[in-house]
Amino acid sequence: MATIHVKRPELTFAEKLYIPEVVKGLAVTTRQLVKNVFTRKDITTRQYPEEKRPYPDRFRGRHRLMWDDDKNVRCVACMLCSTACPANCIHIVAGDRGDDKVEKYPVSFEIDLLVCIYCGFCEEACPCDAIRMDSGKHPLPSFSRDKQRIRKVQLLEEGDFSIARRGGRGT
Ligand code: SF4
Ligand code: SF4
């Protein structure tokens, strides 16, 4: 394969002095500052968090777990979401619900938000409309890795009733 030599551009004497270039840069900054202060044209400052930007319909926010009619967790601990999760960040411990119709429930349900890539596969895999990503909320910043693990209680706090048919077998 032929080698291509790219010549370095030579600096002029003025450029080597740097001072004229610094002055030119300051002139651009000052011009923009004056324009912004006096015309306020093209300024799109948003007073966040009071003024929130509307998210697109398909925005995926922090997960939430939905409730059944008794306000219990709808999840039946089938593990489909954790199996579909490409980041392996959903950890569920299943327990016996003592109900022939719905055998299992998640004793613990945990999502590591630092590992999650917000792909939405979990909510697509769920046959019960038990997990959703429509909270419209971002993960909260924190200094602790543990605080980024969102657990069943927090997931249920964001929940709501669902009228979807569980696994296509009625509620
Ligand atoms: S959004 Fe994707 S990566 Fe995050 S928990 Fe769901 S399946 Fe896993
Ligand atoms: S796929 Fe749905 S029902 Fe199954 S474990 Fe996940 S959240 Fe629960």
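All of the numbers you see were taken from the coordinates with simple rules; none came from a lab. From a predicted model like this one, the values you see are computed outputs, not experimental measurements. Here the Cβ positions follow ideal geometry from the backbone for every residue, glycine too, while neighbour counts run over all protein chains shown.
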With the crude spin-label approximation of a point 7 Å out along Cα→Cβ, what separation in nm comes out for I117 versus A164? 2.2 nm
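Helix-only estimate, please: 222 nm mean residue ellipticity of the chain, summing -39500 (n - 2.57) across DSSP H runs of length 4 or more and dividing by its residues, to the nearest 500. Don't skip to the answer; put the middle values down first.
Details: 5 runs with 42 residues, N = 171.
Dividing the helical sum by the residues of the chain leaves -6500 deg cm²/dmol.
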Please compare each pair in K7/K35; K52/K147; K71/K147; K104/K147; K101/K137 to a cut-off of 29 Å on the Cα-Cα distance and tell me which ones are over it. K7/K35; K101/K137
Net charge, M133 excluded, C-beta distance under 13 Å - Lys, Arg +1, Asp, Glu -1: 0
Calculate, for Q47 and S135, the FRET efficiency according to 1/(1 + (r/R0)^6) with r their C-beta to C-beta distance and R0 22 Å; round to the nearest 0.05. 0.50
Which whole-Hz ³J(HN,Hα) couplings does segment 78-90 yield from phi under the Karplus relation 6.51 cos²θ - 1.76 cosθ + 1.60, θ = phi - 60°, glycine and proline marked x? 7, 6, 5, 5, 5, 6, 6, 5, x, 9, 6, 10, 9
Residue-by-residue Karplus 3J(HN,Hα) for segment 31-41, coefficients 6.51, -1.76, 1.60, Hz, glycine and proline x: 4, 5, 4, 4, 4, 5, 5, 8, 9, 6, 7
